[in-house]
Amino acid sequence: RLKFRCLEIMTTQVETFLQRSGNFVLALRTLSQWKDYVNANPNKYKDYDGVYLVTGLDMAEWGYYGWNNGLMGYAYIGGACGKQKVGYGEDTVGTFRGVRILAHEVGHLLGCPHDGTSSGSFTAVNCPWNDGFIMSYKEEDSRSMKFSHCCNEMITWMVWSNQGACLRIKTTKRKIRSKYFYRKFPGDMLSRDKVCKLAFPTVSGTRFMAEANGEEKCHAQCFMPASVYGYNTSLPALMPDHSPCKANGGVSLLERLLSVSVLSGPQDRLPRRLGPFS
């Protein structure tokens, strides 16, 4: 079990590692600068197995067709315990969409490449991307809230390797007072109508469609009025952590790994979609 030990809120004066171009944060360059910042401040970060930055800014990279702002997170594969123990990802206040992004990026830090791929000594080639676990971008059923067996095997390998030795040693104490811990999960706070409105913020009149049986796969089926496609239909939105869900033993449950160096480079290029839990 991984444990959340410390929370730091940064100011713009401190965030010199954020490399910007207009309204965008340059994704790869910022990851590299964030890594350098963490290593340059051992008094704050050296005792932690991993350090993750949450940003409300828009990550992007310039490519052949212009700006790609469909990026949502980046982290180094197998970076935990070493000089590259950093990752970062987007979040939008009130949506909780950063929860799944964080789980995906922490998976990278703990040795998981994308399902269906390999990276150096880390491999998930025996777990097809289309199976739709956390280390893919697919969100079709409750598997998107779990790690594949390939990812679990890589995490186990990482934990028991010399490279991941820090993961077996408790070196830090919790620096957040328990009175500040919030006991509720997103699914306890967001109504299903609200989930649909957050998933499709530009669609007027969207709502949860109870009759569509979205609960069977931990989805909310959200009403799409004729003004969108020319006819009434629905689109799925993944329900947040701890929502009622028949596919997962009663609740929608994002597999929790939160207590965070053959390395082949940073990942991710998570595709942007209108959804609170991408």
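Bear in mind these aren't lab numbers, they're just calculated from the coordinates by the rules spelled out. These figures come from a predicted structure and were not determined experimentally. Here the Cβ positions follow ideal geometry from the backbone for every residue, glycine too, while neighbour counts run over all protein chains shown.
Figures for the structure shown
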| quantity | calculated |
| --- | --- |
| Sorted by Cβ neighbour density within 10 Å, fewest at the top, the residues Thr123, Thr156 | Thr156, Thr123 |
| Ascending count of other beta-carbon atoms within 10 Å, so fewest first, for Phe185, Phe208, Phe133 | Phe185, Phe208, Phe133 |
| Mean shadow area of region 94-154 over all directions, Cα convex hull, nm² | 3.9 nm² |
| Rg/Rg_globular for the chain, with Rg_globular taken as 2.2 N^0.38 Å and Rg from C-alpha atoms | 1.02 |
| Exposure proxy order (Cβ contacts within 10 Å, fewest to most) of His114, His108, His242, His149 | His149, His242, His114, His108 |
| Translational D in µm²/s for region 121-166 (Stokes-Einstein at 37 °C, 0.692 mPa s, Kirkwood Rh from C-alpha pairs) | 291 µm²/s |
| Highest average packing first - 189-202, 38-51, Cβ atoms within 10 Å | 189-202, 38-51 |
| Mean separation of Cα contacts under 8 Å, 6 or more apart, over the residue count of region 191-239: relative contact order % | 33 percent |
| Computed [θ] at 222 nm, deg cm²/dmol, the chain (DSSP H ≥ 4; -39,500 (n - 2.57); rounded to nearest 500) | -5500 deg cm²/dmol |
| Rounded D (µm²/s) - region 191-239, Kirkwood Rh over Cα pairs, Stokes-Einstein at 10 °C, 1.306 mPa s | 152 µm²/s |
| Relative contact order (percent, whole number), region 134-221, Cα cutoff 8 Å, 6+ residue spacing | 24 percent |
| Relative counts (whole %) of C-alpha pair distances in region 126-249, using bins that are 10 Å wide | 12, 28, 28, 21, 9, 2 |
